[in-house]
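Have a look at the structure below, then the notes.
The values are calculated or read from the model by the stated rules, or taken from the named source; none is laboratory data. The model shown is predicted, which means the values in this text are computed figures rather than measured ones. Surface accessibility is based on the protein's heavy atoms, side chains included, excluding ligands, DNA and RNA. Shrake-Rupley method; radii C 1.70, N 1.55, O 1.52, S 1.80 Å.
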Amino acid sequence: REKRRMPDGHECVELPTIINNVEYLLQSRTIAAADGTHRPEYRVLLKGAVIKSWTAGDIRAYFAIG
């Protein structure tokens, strides 16, 4: 897994994952809302193309991403 700074200034954690012999890149980040709360988001890329945009949810627990 690798941490990376996104162009929008957020930091995300990346984890290459193989599902059914296809390698995907999972990205996970935490976003601060205007009210001070935080919410986790994730997205999925395939060969550099986004196949699932940023979606609310904490996928980190399923893949042991810290």
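Estimated at the nearest 10 Å², the accessible area of residue 14 is 20 Å² with a 1.4 Å probe.
When 47, 52 are compared by accessible area at a 1.4 angstrom probe, the order from most to least is 47, 52.
If you take log10 I(q)/I(0) by the Debye sum over Cα atoms at q = 0.22, 0.28 Å⁻¹ from the coordinates, which of (i) -0.85, -1.12; (ii) -0.95, -1.41; (iii) -0.96, -1.09 do you get? So the calculated entry is the one marked (ii). Per residue, the accessible area of the chain comes to 69 Å² when a 1.4 Å probe rolls over the protein heavy atoms.
In sequence order, segment 29-35 has phi-based couplings of 8, 10, 10, 8, 8, 4, 7 Hz under the Karplus curve 6.51 cos²θ - 1.76 cosθ + 1.60, θ = phi - 60°, and Gly or Pro positions carry x. Close amide H pairs (under 5 Å, H built 1.01 Å from N) link residue 31 with 39, 41, residues at least 5 positions away or on another chain. Of the solvent-accessible surface of segment 6-58, computed with a 1.4 Å probe and all protein chains present, 53% belongs to carbon and sulfur. Computed over the chain, relative contact order equals 22 percent, with contacts defined as Cα pairs under 8 Å that lie 6+ residues apart.
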